[in-house]
1. With the structure loaded, tell me whether T339 is more than 22 Å from S286 (Cβ to Cβ), modelled with pLDDT of 95 or more and among the polar types (S, T, N, Q) or whether it fails that test.
2. Applying the selection to region 432-456, what residues are more than 22 Å from the chain's Cα centre (by Cα) and among the hydrophobic types (A, V, I, L, M, F, W, C)?
3. When the residues of region 402-453 are narrowed to those that are basic (K, R) and in a strand (DSSP E or B), which ends up farthest from S356 (Cα to Cα)?
4. Please indicate, with yes or no, whether at least one residue in region 384-400 is touching a residue at least 60 places away in the same chain (Cβ under 8 Å), crowded, with 22+ Cβ neighbours inside 10 Å, closer than 23 Å to H371 by Cβ and not hydrophobic (A, V, I, L, M, F, W, C).
5. Scan region 326-357 for residues that are part of a loop (DSSP other than H, G, I, E, B) and on the phi > 0 side of the Ramachandran plot and jot them down.
6. Considering E90, E76, which residue is out of contact with any Gly (no Cβ under 8 Å at 6 or more places or on another chain), open to solvent by 80 Å² or more (accessible area, probe 1.4 Å) and modelled with pLDDT under 50?
7. Does any residue in region 287-316 that is without any contact (Cβ under 8 Å) to a residue 24 or more places away in the chain come within less than 7 Å, Cβ to Cβ, of a residue that is aliphatic (A, V, I, L, M) six or more places away or on a different chain, and which pairs are these?
8. I'd like to know if region 358-373 contains one or more residues that are assigned to a strand (DSSP E or B), touching a Phe, Trp or Tyr at 6+ places or on another chain (Cβ under 8 Å) and β-branched (V, I, T).
Amino acid sequence: MDNGTKELDAMQKIITEDSITLYWDKPQNPGEKSMYRIFCDGKEAGTTDKTHYTLEGLDAEKEYSLEVRLFTEENENITGKNENFTGENEAAAGTGNAFVCAASETIVLKTGKAKRRLDITKEPYLAVGDGKTMNTEAIQRAIDDCAETDAVYFPAGIYMTGALRLHGDMELYLEKDAVLQGTDRPEDYLPRIKSRFEGTEMECYSSLLNMGELDHESGYNCRNVVIRGKGTIASGGVTLAKRVIKTERERIKEYLSSLGDKIKECESKDTIPGRVRPRLINISNSQNVVISGVTLKNGASWNVHMIYSDNIVTHGCTFYSEGVWNGDGWDPDSSTNCTIFGCTFFTEDDCVAIKSGKNPEGNVINRPSKHIRVFDCISSFGHGIIIGSEISGGIEDVRIWDCDVKSALCGIEIKGTKKRGGYVKNIHIRDCKAAKIMLHSVGYNDDGIPADTPPVFSDCLYENLEIGGEILEVDRTWQHDTAVTVHGFDVPGYAARNVTFRNITIVGRGKNIEQQFSLKDCENITLENIRCL
C-alpha cells in the first residue's frame, strides 16, 4: 500500500465456548484518528481504537468468519488509491477526509464446546460462600474432578480457602460477585513448593493458585489452563505477608546473623525473609494459560508470576495490591510469548515487571524472557512498567504500546545492578503516556555473587511518547523529577548504546518547570523531534 499503513499482521485469538478475543500488533504508522472495524460473518460487529476486541455472547461450537479493518482518516481525498475502500465510505471521501483501510485476512474460527459446570456449592462439593467457612478441600476436589470438557464454577459468594493446585486442560470460571478468598494464615499455604523469587530458586510458600512444577532443565508440565469470569481472586495481602516474614525470620535467624554487614546489600531488613511469601497465582513450567476478566487482589507479594513458561495471556483484568510491600502485578520471569492488554493496575510496587534471574544463578540457567507484549494498560497507582532488575538470563524483544503510566512512581523503566550480567535489548516503546523514562544502572537489592561482567543495555526505541516529568509518590503526592534518564555502566564496553528517542513531548503539571534529559555512560543516543512544553 502507498498510503502509510500496512496490512494488519500477527493476529492472535483467544477462544472460549461463548467468546472470541482478537488481538494484533499495532501497525507502525496507523495515522491520525484511526479506528478498527470488526466484521463477523460479513456484518460489522463493532469498532474500537484499541488493538484488541472481544466478541461475546456467541454460540458454542459454531464457526464465525472474522475480519479486522483499520480505517484511518486522512486530510486529502485519496479515493481509488486503496482497493479496500468500500462504498459505505464514499460520503466521507467527498468531504476531503478520506478513509484508508488496511485489512486482515478473513479468518474462520470455531467457538469451543459448551462445558459442564462443576458448581462448587452443589453435590458432591458443597462449598459455602459465607466468607467464614474454609472450603479448601471442597474446591480442590472440584479442581481434581475437572476434565477438559468441564469448568469449575464459582457462583456469587465469598469462598475462603488455602492454597489450591490446578492441573492442565481445565478452567476456573468466577461469576460476578464471586470471590475466591485466600486466608491470611501462613499455615494455609503449606507445603512449600519449589519456586523462584527475585531471581533465585528456593522453596516458597504455596501460592493461592498453583500450576506446574518448577524445573529449569525441563519443558512444560502443565498446559491449557483458563481462569476467567467477572469475579475476584484475592489473598491475605499485607497481613499474610507480615506473618510469613515473621515466621521466616525466626526460622533463618542464624543465617541472617551470619551475613553481618552484607545484609546492607539488600533492599530492606525484610528482603531475605520476605522472598518465601506466596504469590497470588504461581505459574511454573506452564504453557497456554489465559487469565481473563477477573479482579486480582492482594497477593502477599507478586500477584501473577510466570516462571519458565510460554504463551501466558492476561487481559481485561484489574490488579489491586496497594499497601502490600513488593506487591507487583504481573511478572513474566524467564518466560516467552507473554502478553497482557486491557488491564488496570493499583499496585504498591511494579505494575508489570519483566525478569530473567539473578546473578550468578540466572547467568548459569540462562533462560531469557523474550517476545513480551504489553498494550492498552493503565497504571492508576504503582511503579509502572519495569524491565528488571533481575536480568541475568537476558531480556529481548519487548513491545509496549498504547499504555498510560503517567500516574506512576517510575513510569517506564529498564534497570539492573552492575553485578547482574545478562542483557536487555530490542525494546520498542511507543504511543504511551509516562511519568518518566529510565534506562539505568541501580545500586539497590544488590546482594549475591557478581557475574563476570556487567549487563548490556542496547537497541531501544522510544517513540511518540508524552512524558510528564512528575511522579506519583506512595503517599499520592506529585513530585517533579527528571523526564528521561539514560545511565549505562561505568565500565569500558558496557555503556548503554543504540538508544533512540523520536517524537517525544515533555509536559509538566506546573509552570516554569525545567524538564531534562540525564545522559551518562552511554553512546549512540539519538534524539529526534523532542518538544518541551
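1. Considered against the rule, which asks whether it is more than 22 Å from S286 (Cβ to Cβ), modelled with pLDDT of 95 or more and among the polar types (S, T, N, Q), T339 comes out as no.
2. Within region 432-456, V442, I449, A451, V456 qualify.
3. First, the residues of region 402-453 that are basic (K, R): 406, 415, 418-420, 425, 430, 433, 436.
Pick out the ones that are also in a strand (DSSP E or B) and you get 415, 425, 430, 433.
Values: K415: 12, K425: 13, R430: 23, K433: 26 Å.
Only one residue fits best here, namely K433.
4. Restricting attention to region 384-400, the residues satisfying the condition of being touching a residue at least 60 places away in the same chain (Cβ under 8 Å) are 390-392, 399.
Narrowing further to those that are crowded, with 22+ Cβ neighbours inside 10 Å: 390-392.
Now drop any that are not closer than 23 Å to H371 by Cβ, which leaves 390-392.
If we keep only those that are not hydrophobic (A, V, I, L, M, F, W, C) as well, we get 390, 392.
Within region 384-400, one or more residues are touching a residue at least 60 places away in the same chain (Cβ under 8 Å), crowded, with 22+ Cβ neighbours inside 10 Å, closer than 23 Å to H371 by Cβ and not hydrophobic (A, V, I, L, M, F, W, C).
5. Kept after step one, since they are part of a loop (DSSP other than H, G, I, E, B), are these residues of region 326-357: 326-329, 334-335, 342-343, 348-351, 356-357.
N326, S334, G342, G357, listed by residue number.
6. Working: E76 fails: out of contact with any Gly (no Cβ under 8 Å at 6 or more places or on another chain).
Of E90, E76, the one residue that is out of contact with any Gly (no Cβ under 8 Å at 6 or more places or on another chain), open to solvent by 80 Å² or more (accessible area, probe 1.4 Å) and modelled with pLDDT under 50 is E90.
7. From region 287-316, no pairs qualify.
8. Let us first name the residues in region 358-373 that are assigned to a strand (DSSP E or B), namely 369-373.
Right, trim to touching a Phe, Trp or Tyr at 6+ places or on another chain (Cβ under 8 Å) and you get 373.
Checking the rest, the ones that are also β-branched (V, I, T) come to none.
No, the conditions are met nowhere in region 358-373.
The values are calculated or read from the model by the stated rules, or taken from the named source; none is laboratory data. All values derive from a computational prediction rather than experimental measurement. Virtual Cβ from ideal backbone geometry, glycine too; neighbours counted across all protein chains shown. Accessible surface areas use protein heavy atoms only, side chains included; no ligands, DNA or RNA. Shrake-Rupley method; radii C 1.70, N 1.55, O 1.52, S 1.80 Å.
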